[in-house]
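A short worksheet on the structure shown next.
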Amino acid sequence: MTMAAIVLGLVLLGVTLACARPLGRYIADVMAGRPILAVRLGAPCESAVYRLAGIDPKRETGWKQYAIDVLAFSLCGVLAVYALQRLQTWLPLNPQHFGAVTPDSAFNTAISFVTNTNWQGYSGEATLSYLTQMLGLAVQNFVSAATGIAVAIALLRGLVRHRASTIGNFWVDLTRVTLYVLLPLAALLALALISQGVILNFDSYRDVTAYATQQIQTLPMGPVATQEAIKELGTNGGGFFNANSAHPFENPTALSNLLQMWAILLIPMALTFTFGKMAGDARQGWAVLAAMTVLFVPLWLTALGNEQAGNPLLAALHVDTASSATQSGGNMEGKETRFGIGASSLFAAVTTATSTGAVNSMHDSMTPLGGMVPMFLMQLGEVAYGGVGSGLYGMLLYALLGVFIAGLMIGRTPEYLGKKIEAFDMKMTSMALLATPAVVLLGTAIAVSVAAGKAGVANPGTHGFSEILYAFSSAGNNNGSAFAGLSANTPFYNTALGLAMWFGRFMVLVPVLAIAGSLAAKQRAPVTVGTLPTHGPLFIVLLVGSVLLIGALTFVPALALGPIAEHLLLYR
């Protein structure tokens, strides 16, 4: 690895941290309805939304009604996006006259964008009209991200309220997150991306003559910048183009690349400060952020080191793969020369540590251990730093598990922020933490056992197994990136991955809301000498250990059959 690559990562984390702290406090004020300037300016628009939708903003609900509202809203989103795809051939803003999307692909895409996964088994620029991209996918980029943040806020309310029967109003939370957080940030980022050359138009595709070959080449057009902005800010990841953020119309420069990574990390990091402010103790948020960073940095450096080291088989042939002033060295397969190994490895780690799934290089072309890093980051539950909302509530689930384990060690009833963690809370925590591994491993097992699953594998052997394991890890954890060697746009994979995305999202989300309701109803216990501090180094170690314990025990056997075995085969 090079010093420039390390400095790039440190600069990214430093700049994002500097922006995340004020944003986190702003989000806490917005969700509490405090009369800050933005809320006062947006109040007429917010009130209009409530009137049109028939919402009483002063009426809060318990966790069951909150969960029903989330599920109903998400189901309506699936139906709307599915209908748009099936009917797009008769709808406006379709200058290329694309036909209806096939039923299985439309089913997969609808669930994918509603669950904040954004898995795409097709080329967006060759499949979807501008209307479908904007009204279907871009809208879901906003509201699926807002849903995740709303659920995280509901859990925080459960932690800080006492003897309460409600955890908030989903429709109010959804509106405030979209209106005061996502829309302003996306508008600013879109302008910044346009300044770097990201396109934004409604033109028909353009035929140009390539200078080198003098052949006609068709260049896709479209409203890219606006979708690109929320794609990253909402940790969505679905690109306007098939090449995603490797495409020069989506990500043309080194600065646009840095802006996109910053946008991916911004809200997940900011929500830890929201947590600290709502809890009345900023140290709680710092502890969670520190645990996330302790998990992220070593795995990012592992990916960087393996990609910079390159393929040992080439070294055995005396091929010079060292980095120098005249070559990048290492493993440049599948990477854009304008980004190089450093920015590509960092982007791969950032996009899978969160639930984004956007890519600026092809993960399928990474070295075995380099490619294992994004896979393992997803399998950890994407809690370092996680998706918008889902990263925070995922890490708080591990916090509950950690204090429960600590309580067992010392024979004391576990507590977190003064709330006693009891049997119901641990049942829901266990259900949420084990749901995604079950979805991933069961889906992988079925895919490698049936002919339809094996038919999509382009690279048999250990790498082919890694492609399938990556696909279900991505779908089950609502990431959306892929080892692109897997041909996944088939009825089998569209259906199987669609189900994995749905259950991977809501088998976690509903138990989280149940925990929020349970904790909100409890009285805060007084702090005593036996209370475990949850803001110091000991708790951070406990939290990181809990994450690694679940991840290692659950997925290392599968990883041994895929990327680890593939790595060892390089030295046989």
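Laboratory data are not the source of any read-out in this text; all were calculated from the coordinates shown. The structure displayed is predicted, hence computed values, not measured ones. Note that each Cβ is placed from the backbone with ideal geometry, even for glycine, and that neighbours are counted across all protein chains shown.
From the helices alone, meaning DSSP H stretches of at least four residues, give me the mean residue ellipticity at 222 nm for the chain, per-run term -39500 (n - 2.57), in deg cm²/dmol to the nearest 500.
-20000 deg cm²/dmol
Taking every alpha carbon pair in segment 426-502, what does the distance histogram look like in 10 angstrom bins from 0, in percent?
Going out from 0 Å in 10 Å bins, segment 426-502 shows 21, 53, 19, 6, 0 percent.
How many angstrom lie between the C-alpha centres of segment 473-503 and segment 318-356?
25 Å
Give the order of CYS19, CYS76 when sorted by the count of other beta carbons within 10 angstrom, beginning with the fewest.
The fewest-first ordering by Cβ neighbours comes to CYS76, CYS19.
Is the C-alpha gyration tensor of segment 340-457 telling us rounded, prolate or oblate? Criteria: a/c under 1.5 is rounded; beyond that, a/b larger than b/c is prolate, otherwise oblate.
Here segment 340-457 falls in the oblate category.
Length gain on complete extension for the stretch ASN311 to ASP281, per 0.36 nm per residue less the alpha carbon to alpha carbon distance?
Gain in length upon complete extension: 6.0 nm.
Estimate the FRET efficiency between ARG206 and THR337 by the formula 1/(1 + (r/R0)^6), using the beta-carbon distance for r and 25 Å for R0, to the nearest 0.05.
In this case the efficiency is close to 0.55.
Between LEU219 and LEU191, what FRET efficiency follows from the Cβ-Cβ distance if R0 is 25 Å, with the result rounded to 0.05?
0.65
Based on other C-beta atoms within 10 Å, arrange HIS463, HIS97, HIS162 from fewest to most.
The most exposed by this proxy come first: HIS97, HIS162, HIS463.
Find the lysine pairs in the chain meeting two conditions, Cα atoms under 17 Å apart and a separation of 8 or more places or different chains, and report how many there are.
So the count works out to 6.
Can you tell me the FRET efficiency between ALA18 and LEU538 if r is taken as the Cβ-Cβ distance and R0 is 25 Å, rounded to the nearest 0.05?
Once rounded, the FRET efficiency stands at 0.35.
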